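Below you'll find the structure, written out as structure tokens, and then a few comments.
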Amino acid sequence: MDLYDVIINRRTIRKFSQKPLTYEMLKKYVNAARLAPSAANKQPLKYKIINEKDMVKKIINLVKWAAYIRPEGDPKQEEEPTAFIAIAADKNIKESGFEADLGAAAENIILSAEIDDVGSCWMGAIDYDKISEVLNFDSNLKLLCVIAMGYKAESPKEVLMNNGDVKYFKDEKGCLNVPKRSIDDVLL
Ligand SMILES: Cc1cc2nc3c(=O)[nH]c(=O)nc-3n(C[C@H](O)[C@H](O)[C@H](O)COP(=O)(O)O)c2cc1C
């Protein structure tokens, strides 16, 4: 698959196989984030790799999955992610305005993992305070998101959006359908 195909075929994964990801693989994805575009080249983002079972479980208890189809969209115990990458902003480097850097960095992690057939879920519905505590973050670190990761155990698909309905849903086969606006809808 070339990069364009990787990009357009990527879907958020919330069911994972339990084959572990190595620290080296996760470090490779963080390295891709490290080299992402950064406003004024300040590079304020820092990354924490979590792939040790007890720690992964602690994070799982502090995140919320698939709001539109809760609780059906929650991974079962045997489908839970095997790793997380937490992304934080170092306020000693920059005080505010991390959103664009975060977008570029998170997407680099997600796409570089995707090339290895590793699925991911960017997560913002998380308990920021408790996760920062679990990860022992210093006060200069502002947690921005976590990315759940693992080998894929589902194959969600893109469907054309109907009447502006953004809600993803499970079809009769249990496959997650993700509505996307058409190219004509988004082209000005
Ligand atoms: C900033 C951001 C925060 C998100 N937070 C969550 C989350 O907390 N839980 C979750 O299950 N999915 C979360 N997602 C995943 C979105 O639900 C998903 O990207 C969207 O439904 C589109 O599906 P796709 O990624 O397969 O194209 C988040 C995505 C983004 C970009």
Some residue of segment 23-40 being away from the ligand (no atom under 12 Å from the Cβ), closer than 20 Å to SER155 by Cβ and either without any contact (Cβ under 8 Å) to a residue 40 or more places away in the chain or assigned to a helix (DSSP H, G or I) (or both): no
Near pairs, Cβ below 6 angstrom, 6+ apart or cross-chain, from segment 115-133 (within 15 Å of the ligand (Cβ to nearest atom)) to any residue that is in a helix (DSSP H, G or I): SER120/ILE110; SER120/ALA113; TRP122/ALA106
Residue among LYS152, LYS157 that is under 30 Å from GLU52 (Cβ atoms) and out of contact with any helix residue (DSSP H, G or I) (no Cβ under 7 Å at 6 or more places or on another chain): LYS152
Residue within segment 173-180 that is within 12 Å of the ligand (Cβ to nearest atom), surrounded by 12 or more Cβ atoms within 10 Å (Cβ to Cβ) and of a type in the set (Lys, Arg) present: yes
Residue ID - nearest to the chain's Cα centre (by Cα), chosen from residues in segment 134-172 that are more than 15 Å from the ligand (Cβ to nearest atom) and among the polar types (S, T, N, Q): ASN136
Search result, residues across segment 52-107 that are within 20 Å of PHE16 (Cβ to Cβ), assigned to a loop (DSSP other than H, G, I, E, B) and acidic (Asp, Glu): GLU52, GLU72, ASP74, GLU80
Count of segment 118-139 residues which are in contact with a Leu (Cβ under 9 Å, 6 or more places away or on another chain) and more than 13 Å from ILE60 (Cβ to Cβ): 7
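Every number in this text was worked out from the coordinates using simple rules, so none of it is lab data. Owing to the predicted nature of the structure, the values given are computational and were not obtained by experimental measurement. Ideal geometry is used to build each Cβ from the backbone, glycine not excepted, and the neighbour counts take in all protein chains shown.
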